[in-house]
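Structure first, commentary second.
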Amino acid sequence: MRTAVIVADTRDPVAVHGVHGTSGLTQWACLARRAGLGGGWEAVEWARIPRGGVSGEHLHTRTEEVYVLLAGHGEITLDGHPHPVRAGDAVLTRVGTRHGLRNLGRQALEWLVIEVTAPLLPSPRTPLLDHSLVTNLRRLGRIDPTVVLSGPLRLLETVRLRPGERVTLTADVVERTLFVSAGSGRAATAGLRVPLRPGRALTLPLGSSAALTAGRGGLEYVHAELAVPDGHGPLPGPVPAAGGERP
């Protein structure tokens, strides 16, 4: 097994002005990108727009994108059709879907972005739905992204651990990313102990693992699995764990 995971958080976001052709401010942080990973990740990101803020309408020609709303409420436009969204909702957008997000609440609107590459050739697996989807991940607990998407994303879920509860995530045939949305705890991997708190993300390359333990108030996180092509073994050499903290 590999000994490294990728650790990042949202404590020091970048200020971006005029995202996707709009005016105004967006705070943004990249939590992981495809470098050092074996699967079809494009990026895992976090974004926040203030009251009245807009992330402009745009489309992707080679990637599929998932938004998980973390805080606030607003409206997402999908191919010209507006849909109300709030914390706990997930939005799955197919290749070529024009989408944009507007904050309609009094507080900042925050969301997690998981962007993955779509197949270059027609997929042998046909999604059940031929349009993008807005659903409530917090209520459902987990969803199967393949009902909408044709790329490698296989699972999206919200996980809640009770105080002291433990779970081990292993990236054996899939790679994983998780983002802490509430509570606290710790992750242990090959002697490295990483404190878990809201805004912190762990991404597990193929061949790595992490043992999670919830803190006194429990732990909640968004978790996604991404399939890795058959025959793709662990990449050589360690992956730096930026932001990892030792006790």
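List of remarks:
- The relative contact order of the stretch 20-128, computed from alpha carbon pairs under 8 Å that lie at least 6 residues apart in sequence, is 33 percent.
- Between Ala4 and Val239, the built amide H atoms are under 5 Å apart, and every one of these is 5 or more places off in sequence or on another chain.
- Pairwise FRET efficiency - Val16 versus Arg139, Cβ, R0 = 35 Å, nearest 0.05: 0.65
- Other residues within the sphere of radius under 13 Å centred on the Cβ of Gly199, judged by their own Cβ, net out at -1 (K and R +1, D and E -1).
- Cα gyration tensor, the chain - rounded (a/c under 1.5), prolate or oblate: oblate
- Each other residue within a Cβ distance under 9 Å of Glu225 adds +1 if Lys or Arg and -1 if Asp or Glu, for a net charge of 0.
- For Thr177, residues with placed amide H under 5 Å, excluding near neighbours: Leu204, Ala224
- Remark: the Arg162-Ala190 segment gains 7.7 nm on full extension, using 0.36 nm per residue and subtracting the alpha carbon distance.
- In nm, spacing of pseudo-spin labels at His58 and His81 (7 Å Cα→C-beta vector): 2.4 nm
- Converting phi to 3J(HN,Hα) with the Karplus coefficients 6.51, -1.76 and 1.60 and the offset θ = phi - 60°, the stretch 214-223 yields 6, x, 5, x, x, 8, 10, 8, 8, 10 Hz in sequence order, with x at every glycine or proline.
- Here the peptides 32-44, 6-18 are ranked by packing, the mean other Cβ count within 10 Å, and the order with the highest first is 32-44, 6-18.
- Amide H contacts of Ala87: Gly72, each under 5 Å away and 5 or more positions distant or on a separate chain (H built 1.01 Å from N in the peptide plane; Pro and chain starts excluded).
- Relative contact order (%) - the chain, alpha-carbon pairs under 8 angstrom, separation at least six: 23 percent
- Environment charge of Thr213, counting only residues whose C-beta is closer than 13 Å and scoring Lys/Arg +1, Asp/Glu -1: +4
Since every read-out is calculated from the coordinates, none of them should be taken as a lab result. Keep in mind the model is a prediction, meaning the values are calculated, not measured. Because the Cβ atoms are built from the backbone with ideal geometry, glycine has one as well, and the counts that use them run over all protein chains shown.
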